[in-house]
Amino acid sequence: MTAQNKGQDASPLRLGIAGLGTVGTGTVRIIQNHAALLATRSDRPVAISAVSARDRMKNRAVDLSAYAWEDDPRALALREDVDVFVELVGGDEGVAREAVTAALKAGKDVVTANKALLAIHGQELAELAEANGCVLRFEAAVAGGIPVIKTMTESLAGNEIRRVMGVMNGTCNYILTRMENAGLPYETVFEEARQLGYLEADPTLDVGGIDASHKLAILAAIAFGTRPTFDAVEIEGIERVSIDDIRRAADMGYRIKLLGVAQMTGRGLEQRMSPCLVPADSPLGQLQGGTNMVVIEGDSVGQIVLRGAGAGEGPTASAVLSDIVEIARGVRMPAFGLPASGLALPQPARTAVPAAYYIRLALTDKPGALAKVASVLGDAGISIDRMRQYGHQQTAGVAPVLIVTHKTTPEAIDHAIEALPGTGVIAGDPVELRIEEV
């Protein structure tokens, strides 16, 4: 949809910023350091009227003395000297949702970095924004400093999007690449990430794939013109990925990534977030540390790759400012690229696209064990591409076995994995990971 420009205004665009954590203070710092630059690029000044946070006395290493203070973000959202409410509190319920709702009902534009709020309540908020003549912008909600929202809503507006995928949680990518590079087990690197402050207060938001799935739901809505449906995302975290999996994958020329994939099929909208093997020499395979990457495939543009910092003060605050400047310029667009009333309610579909799979087993030291495994796979219609057996663990009486299948369906893999323990030759739970073509 073509953006509409309301015309320029020489008066300052007045902001109310709720939430003065890493991103909030970063946003204040950019506005203070680049006031002249922002005014030039926006053709009007950008000014902060008031701020809000839980602790007024906290030292935030940024001067807030020139701004009014509100203890309650909901009161901040309703101030007469606030044109744009900037919500950086976080959380899909409570004060964040209430304050954003209050701002939109009061006719104020909203900029937010709140992925959970948008993934769960995005349709409701988009409808509310349009009903009150407001815009709801959220570039900072997905992939930090990477301009993926604007790329999809503006630069790729002439494309039918075929698939969106990517690494959307820097903490998980840090853990997986650190495990590989240092040869460390998951538990050790998890604790290291905690000590470094990389993990959310609830670590399952990161390692459980929930944070990344919020982002995937937002991207899928924009890509396919649908309402955000976070509850339809198939989610699996990285908790069961072992250092052995990472080493075996590397032996075969792959790396393991927590990969989000969304695509529209004849059966409905597929959305999944799970650890997958990707070719080590692919852009996703080469992604290191806390960096994010989003891959978009369009019918006209082909495949494009966006890579950059997915979190942190500077990158995320940069994305917040991009939305603020867009509003200051007078650009008005629907939140998800189409009018909220035109967003379809998608039919959720479990992924059925065939793929090769990696299967790791621990076989007990019994005659015919391997033949029984092959029989189960054959009964499920799965053929074996490669198989490797590693040295016996003498004390445990088991042998690690690695199988790579030819392309098969997720249903066939599920059937086989469910049947394998019944052979009586499997020690522990089998591990299966999809091998994604990228």
statement: Taking every DSSP bridge whose two residues both lie in the chain, the antiparallel percent to the nearest 5 is 65
task: Just the Kirkwood number for the range 355-435, please: inverse of mean 1/r across all distinct Cα pairs, in Å, one decimal.
output: 12.5
task: Using a cut-off of under 15 Å, list every residue of the range 93-135 whose amide N is near the label point 7 Å from the Cα of Arg54 along the Cα-to-beta-carbon line.
output: 93-97
query: For the range 13-141, what is the Kirkwood estimate of the hydrodynamic radius, computed as the reciprocal of the mean inverse distance between distinct Cα atoms, to one decimal in Å?
result: 14.6
task: In whole Hz, with x marking every Gly and Pro, tabulate ³J(HN,Hα) for the range 58-74 from phi via Karplus 6.51 cos²θ - 1.76 cosθ + 1.60, θ = phi - 60°.
output: 4, 7, 10, 6, 8, 7, 10, 5, 7, 10, 5, 10, 10, 6, 10, x, 5
query: Can you run phi through the Karplus equation (6.51, -1.76, 1.60; θ = phi - 60°) for the range 125-135 and list ³J(HN,Hα) in whole Hz, with x for Gly and Pro?
result: 6, 5, 5, 5, 4, 5, 5, 10, x, 10, 10
message: Just want to confirm a number: the relative contact order over the chain, from Cα pairs under 8 angstrom separated by 6+ residues, in percent.
response: 17
Ranked packing of 321-327, 340-346, 75-81, most packed first, by mean Cβ within 10 Å: 321-327, 75-81, 340-346
- request: Tell me what the chain gives for mean residue ellipticity at 222 nm when only DSSP H runs of n ≥ 4 count, each as -39,500 (n - 2.57), the sum divided by the residue total, rounded to 500 deg cm²/dmol.
  value: -10000 deg cm²/dmol
message: Which order do the peptides 285-294, 371-380 come out in when sorted by mean C-beta neighbours inside 10 angstrom, highest first?
response: 285-294, 371-380
task: Filter the cross-link list Lys115/Lys257; Lys58/Lys257; Lys108/Lys257; Lys150/Lys407 down to pairs whose alpha-carbon distance in this structure exceeds 28 Å.
output: Lys58/Lys257; Lys108/Lys257; Lys150/Lys407
query: Which Cα, out of Pro283, Leu64, Cys172, lies furthest along the positive dipole direction of the chain (beta carbon charges, K/R +1, D/E -1)?
result: Pro283
- request: Would you mind working out the accessible area per residue for the chain, using a 1.4 Å probe, and quoting it in Å²?
  value: 41
message: With a 1.4 Å probe and all protein chains left in place, how much of the accessible area of the range 65-159 comes from carbon and sulfur atoms, in whole percent?
response: 46
- request: Grab the beta carbon distance between Ala371 and Ala250, set R0 = 25 Å, and tell me the FRET efficiency rounded to 0.05.
  value: 0.30
query: Do any trypsin sites (Lys or Arg not before Pro) in the range 254-342 lie in a DSSP loop with no more than 15 other beta carbon atoms within 10 Å, and if so, which?
result: Arg267
task: Sort 237-245, 20-28 for me by packing, meaning the mean count of neighbouring Cβ atoms within 10 Å per residue, highest on top.
output: 20-28, 237-245
statement: In whole angstrom, the spacing between the Cα centers of the range 41-98 and the range 142-185 equals 29
message: Considering all projection directions equally, how large on average is the shadow of the alpha-carbon convex hull of the range 288-330, in square nanometres?
response: 4.4
Where GluC sites (Glu not before Pro) fall in DSSP loop in the range 340-438, at most 16 other Cβ within 10 Å: Glu437
- request: Measure nothing fancy, just the Cα-based angle from helix 410-419's long axis to the longest principal axis of the chain, in degrees from 0 to 90, nearest 10.
  value: 50
query: Given +1 on the Cβ of Lys and Arg, -1 on the Cβ of Asp and Glu, and no further charges, what dipole in debye does the range 355-435 carry about its Cα centre, rounded to the nearest 20?
result: 300
query: Helix 94-105: angle to the longest alpha-carbon principal axis of the chain, degrees 0 to 90, nearest 10?
result: 50
query: Out of these labelled values of Cα extents along the principal axes in Å, (i) 79, 50, 36; (ii) 82, 47, 35; (iii) 82, 73, 49, which was calculated from the coordinates shown here?
result: (ii)
statement: Rounded to one decimal in nm, the spacing of the 7 Å Cα→Cβ label points at Gln32 and Gln286 is 3.9
task: Apply the Karplus parameterisation 6.51 cos²θ - 1.76 cosθ + 1.60, with θ equal to phi minus 60°, to every residue of the range 207-224 and state each ³J(HN,Hα) to the nearest whole Hz, in sequence, with x for glycine and proline.
output: 5, x, x, 6, 4, 5, 5, 4, 5, 4, 4, 5, 5, 5, 4, 5, 5, 10
Long-range HN-HN contacts of Arg163 with modeled amide H, under 5 Å: Glu297
- prompt: Based on Cβ point charges of +1 for Lys and Arg and -1 for Asp and Glu, what charge dipole magnitude is obtained for the chain about its Cα centre, in debye rounded to the nearest 20?
  reply: 620
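The values are calculated or read from the model by the stated rules, or taken from the named source; none is laboratory data. Values in this document were obtained by computation on a predicted structure and should not be read as measured data. We place every Cβ from the backbone using ideal geometry, glycine too, and count neighbours over all the protein chains shown. When the accessible area is computed, the model is the full protein with side chains, heavy atoms only, and any ligands, DNA or RNA have been set aside. Shrake-Rupley method; radii C 1.70, N 1.55, O 1.52, S 1.80 Å.
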